[in-house]
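Structure record follows, encoded as structure tokens.
The values are calculated or read from the model by the stated rules, or taken from the named source; none is laboratory data. Just so you know, these numbers come straight off a predicted model, no measurement behind them. Positions of Cβ are generated from backbone atoms using ideal geometry, with glycine treated the same way; all protein chains shown enter the neighbour counts. Protein only, heavy atoms only, side chains kept; ligands, DNA and RNA dropped before computing areas. Shrake-Rupley method; radii C 1.70, N 1.55, O 1.52, S 1.80 Å.
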Amino acid sequence: MAYNYYTLQNNIFSGLFVGQNLITIKEVASTNTFLKDLASNSKPVIEGTVIMAENQYAGRGQHQNGWHAEPGKNLTFSLLLKPHFLSVTDQFDMVRVTSLGVFDALEPVLEKKLKIKWPNDIYYGDRKLGGMLIENLIQGSQIKNTIIGIGLNINQENFPADLPNAISVKQILHRDYDLKTLLAEICRHIEGYYLNLKAGKTAFIRETYLKRLYWLNENKRFKSQGSTFKGSITSVKDNGLLVVQNNNGEEKEFSLKEIEFLNK
């Protein structure tokens, strides 16, 4: 498939490499798929390349969940990182790095109600602002490429009925927010956490991610294997499994799709 796209030389990105190579596309099915195709070609793609779409008409969330975004009103982009230094068993740290980068970019704008809903959704109160899809290309025991797709509701005001939980920055602030400014801030913060991870500051990243978690140490309702229970999130394992202690004092570990947050 042919795409109309152009590369921008950036002056708004203040980081060392994330976003310095920015490719903007008018319309694409999925920025993650586009970037994966680009990275699989013979010509190498530089680390930190960002693909931004004005209209992404087949965006994907975790486990093939759909993502709806009105053209030109939201942030839908993907970026390429090459964490060769990271063990495959520690690949969830890339989820942490990305979630924290987005959180730090949004927090000065939205403040106290902002949380990270495990594993990598961004919530404002009990409503979803956006999410991420992180795909690792593994080669042997090494992570060759990490492709990070991010979708955030920014200036959209109306959402389909099947997305009753969605909220946008505009609905919170009651004004439009500049997409490129926020994109630059997200890239700057992701780069910062990524460089901390590369420098071995893993404990700092894991602790910070946990502190910002939605429902941490709160007694809430969950659903697993067809039954509901009350419990509290106590931690997240190094490999990304969620640890929930039920009201009987038993701790259980859950992977994605094994547990549902009953927050509606």
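Within the listed set Glu54, Glu70, Glu250, the Gaussian network model of the chain (springs between alpha-carbon atoms below 10 Å) gives the highest mean-square fluctuation for Glu250.
Taking only the Cα atoms of the range 158-264, how large is their convex hull per residue, in Å³? Before the final figure, lay out the partial values.
Values: hull volume 15.6 nm³, N = 107.
Per residue, the Cα convex hull of the range 158-264 comes to 146 Å³.
The accessible-area ordering, largest first, of the residues Thr146, Thr234, Thr181 stands as Thr181, Thr234, Thr146, per a 1.4 angstrom probe. Take the Cα of Gln245, step 7 Å toward its Cβ, do the same at Val109, and the gap between the two points is 3.6 nm.
The stretch between Asn263 and Glu27, if pulled fully straight at 0.36 nm per residue, gains 81.6 nm over its current Cα-Cα span. Pairs over the 21 Å Cα-Cα cut-off, from the set Lys170/Lys223; Lys73/Lys112; Lys117/Lys211: Lys170/Lys223; Lys73/Lys112.
Using a cutoff of 8 angstrom between alpha carbon atoms and counting only pairs six or more residues apart, the relative contact order for the range 151-192 works out to 35 percent.
Sorted from largest to smallest, which semi-axis lengths in Å does the alpha carbon gyration tensor of the chain give for its equivalent ellipsoid, taking the root of 5 times each eigenvalue?
Numbers: eigenvalues 169, 101, 59 Å².
They are 29, 22, 17 Å, listed largest first.
Helical content of the chain, expressed as a calculated mean residue ellipticity at 222 nm, amounts to -7500 deg cm²/dmol (DSSP H runs of 4 or more residues, -39,500 (n - 2.57) each, divided by residue number, nearest 500). Taking the chain as the reference, fit the longest principal axis to its C-alpha atoms, fit the long axis of helix 92-110 to the helix C-alpha atoms, and give the angle between the two in degrees, 0 to 90, nearest 10. It works out to around 80 degrees.
Roughly speaking, to the nearest percent, how much of the chain's 1.4 Å accessible area is carbon and sulfur?
46 percent
By how many degrees, 0 to 90 and rounded to 10, does the Cα axis of helix 202-211 deviate from the longest principal axis of the chain? Compared with the principal axis, the helix lies near 60 degrees.
Under a Gaussian network description of the chain, with springs only between Cα atoms under 10 Å, the residue in Ser78, Ser99, Ser232 that fluctuates furthest is Ser232. In this structure the chain gives 48 Å² per residue of accessible area when probed at 1.4 Å with all protein chains present. Working from Cα pairs under 8 Å separated by at least six residues, relative contact order for the chain is 17 percent. Debye-formula intensities of the range 93-247, expressed as log10 I(q)/I(0) at q = 0.15 Å⁻¹, are -0.88 (one equal scatterer per alpha-carbon, no solvent). Residue separation of His174 and Glu135 scaled by 0.36 nm, minus their Cα-Cα distance, works out to 10.6 nm of gained length.
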